[in-house]
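Notes follow once the structure below has been shown.
The values are calculated or read from the model by the stated rules, or taken from the named source; none is laboratory data. Given the structure is predicted, the values throughout are model-derived calculations rather than measurements. Note that each Cβ is placed from the backbone with ideal geometry, even for glycine, and that neighbours are counted across all protein chains shown.
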Amino acid sequence: MSKIIIAGAGIGGLILAKELEGKGHEITIIEKNTVKGLSFDWHDDVECGIVDEFDVDLSKIKHYLKQDWAFVFPEVEEVIGLQIPDEKKDISIHRRDLSKYLIGKLKEAKIDEGNAIKGAICKEGKVIGVRTNKGDILGDLIVDCCGVDSPVRSSLPDEFGVIQKIAEEDVFNVYRGFYKRTDAPKEDFTNKAFLRHLSRKGISWVLDKGDHVDVLVGNAGKLSKSELDISIGHLKEIEAVLSDELFSSAVCRIPVRRPLEKMFANGYVALGDSACMTIPMLGSGIASSMRAGRLLAGVIENCNGVYTEETLYPYQEKVAKKFGAAHAAIDVLKRWLLAEKVDVLGFFIHKEIIVKEDMQGAAEGGMVKLGFGEILRRAMRGLSNIGALLRLAKTLSKQEKAQKLWLKMPTAYDVDKYKQWIENSKKIFK
């Protein structure tokens, strides 16, 4: 019997625990919060296919069908509204409800709640346990679900080759507040996303929920109090539905990059936000974490109780090909959007070099794909800024290159080939 420690009650870890139940493992979930206070007390988006894929009973979870997005670009007066068919729309699902629902489906796994993890315990090149507020806990395999700033991952030795600290530019620092709605009339667009709001490297949104207004302000990298105050103030000036009365608010940190190129070591695997499994453009990681939890369960079953880099490698390879390649491509686009000058983004919109269909594809978590002929036609409209066009063309080329590389990740574990693959991936994103 293997003793599996799931560090943090993340969505992916809960799926993993359920998948492994009844298969001869001793499973312990260590969570710093209580079950009642688990996760965030708000709704986040998840693609509708997850409901059937994981047999989720939505009647037991607060949720609603996501409304159409409208995008507001700097220096562009027109609000660009998207119309996504209902069958393709995401479901906004209450995170805490989903976590409690998944915990309620567990029958054998032990949940050690109110126990904060401090770091990993390593011995002779292997992770053998975790240090917690209640003392050391040992296990045969440590599954790290402690989030973007995981104390487990950050305490791993350099020689393990797993990134200990996620670069700040790859972390989305978020403020989310829920405000009383004014009696202003309902507008045509209830879900507005302000891209590069006030030229920041991030976004803001204002979602009119009828009885309240959901506001988000986020930056890729540091979000100062001054930037937050100015952004909130500006939103109140331009959005009539937004009042000064705040019901509740919270801050969080979300990874917004492709999954880690290496998220395993002897006795260790990272899952969910610990492994950067959110869609880089959207920050939504529920669906990918659930799928990764199921993939990891299958790999664990094939390990036969021996958790080495060689036996755990298929987890990395399966994740790369299941959704990692798509996320890598989106990561390229995200970096371009954050680095490009805001007036150039406005130029692309005005000249219809970037069109509604491109934004809709990105909103659905997809890659922007343009044929050679279409690129030429659009380029003719933007000849007055050749430099910007070349940067966009380079971005689209890098997108395709990143996706192809991740799809061609070595299938069999070969240390030298895998190290070379990692280096090739890192070069794309430098």
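Does the range 24-33 contain at least one residue that is part of a strand (DSSP E or B), modelled with pLDDT of 85 or more and of a type in the set (Ser, Thr, Tyr)? Yes. The set of residues in the range 64-80 that are assigned to a loop (DSSP other than H, G, I, E, B) and hydrophobic (A, V, I, L, M, F, W, C) comprises PHE73, VAL76, VAL79. Checking the stated criteria, LYS18 turns out not to satisfy the condition of being modelled with pLDDT under 85, of a type in the set (Lys, Arg), out of contact with any helix residue (DSSP H, G or I) (no Cβ under 6 Å at 6 or more places or on another chain) and crowded, with 20+ Cβ neighbours inside 10 Å.
Yes/no matrix, rows are residues, columns are (1) surrounded by fewer than 16 Cβ atoms within 10 Å (Cβ to Cβ); (2) in contact with a Ser or Thr (Cβ under 9 Å, 6 or more places away or on another chain); (3) modelled with pLDDT under 95:
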{"residue": "ILE91", "(1), (2), (3)": "no, no, yes"}
{"residue": "SER99", "(1), (2), (3)": "no, yes, no"}
{"residue": "LEU102", "(1), (2), (3)": "no, no, no"}
{"residue": "LEU106", "(1), (2), (3)": "yes, no, no"}
{"residue": "LYS110", "(1), (2), (3)": "yes, yes, no"}
{"residue": "LYS118", "(1), (2), (3)": "yes, yes, no"}
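For the range 137-184, enumerate the residues that are of a type in the set (D, E, K, R) and over 11 Å from SER274 (Cβ atoms). If the condition is that a residue be of a type in the set (D, E, K, R) and over 11 Å from SER274 (Cβ atoms), then ASP140, ASP158, GLU159, LYS165, GLU168, GLU169, ASP170, ARG176, LYS180, ARG181, ASP183 are the ones that fit.
Does any residue of the range 313-321 turn out to be at pLDDT below 95, part of a helix (DSSP H, G or I) and of a type outside the set (Phe, Trp, Tyr)? Scanning the range 313-321, I find no residue that is at pLDDT below 95, part of a helix (DSSP H, G or I) and of a type outside the set (Phe, Trp, Tyr), so the answer is no. Out of MET409, MET380, one residue alone is more than 17 Å from ASP331 (Cα to Cα), of a type in the set (A, V, I, L, M) and at pLDDT 85 or above. It is MET409.
Counting residues in the range 173-189 that are modelled with pLDDT under 95, more than 20 Å from the chain's Cα centre (by Cα) and hydrophobic (A, V, I, L, M, F, W, C) gives one or more. Scanning the range 81-123 for residues that are of a type in the set (Val, Ile, Thr) and outside any strand (DSSP E or B) gives ILE84, ILE103. Checking LEU271, LEU223 one by one, the residue that is farther than 22 Å from PHE189 by Cα, assigned by TED's automatic domain parsing to the domain that holds LYS201 and buried (at least 19 other Cβ atoms within 10 Å of the Cβ) is LEU223 and no other.
Within the range 134-156, the residues that satisfy the criterion of being surrounded by fewer than 21 Cβ atoms within 10 Å (Cβ to Cβ) and among the hydrophobic types (A, V, I, L, M, F, W, C) are ILE137, LEU138.
No other residue among LEU296, LEU282 is assigned by TED's automatic domain parsing to the domain that holds ASP52, in contact with a helix residue (DSSP H, G or I) (Cβ under 8 Å, 6 or more places away or on another chain) and at pLDDT 95 or above apart from LEU296. Give me the residue from the range 67-101 that is hydroxyl-bearing (Ser, Thr, Tyr) and farther than 22 Å from GLU187 by Cβ and, out of that set, nearest to the chain's Cα centre (by Cα). So, considering only residues that are hydroxyl-bearing (Ser, Thr, Tyr) and farther than 22 Å from GLU187 by Cβ, the one nearest to the chain's Cα centre (by Cα) is SER99. Based on this model, can you work out whether TYR307 counts as buried (at least 19 other Cβ atoms within 10 Å of the Cβ) and over 22 Å from the mean Cα position of the chain (by Cα)? In short, yes.
Is it fair to say ALA402 is assigned to a helix (DSSP H, G or I), outside the structural domain of LEU195 (by TED's automatic domain parsing), crowded, with 16+ Cβ neighbours inside 10 Å and modelled with pLDDT of 90 or more? So ALA402 passes the test.
Determine whether ARG131 is assigned by TED's automatic domain parsing to the domain that holds SER99, surrounded by 20 or more Cβ atoms within 10 Å (Cβ to Cβ) and among the basic types (Lys, Arg). No.
Counting only residues that are touching a Pro at 6+ places or on another chain (Cβ under 9 Å) and part of a strand (DSSP E or B), how many does the range 242-264 have?
Of the residues in that region, 1 qualify.
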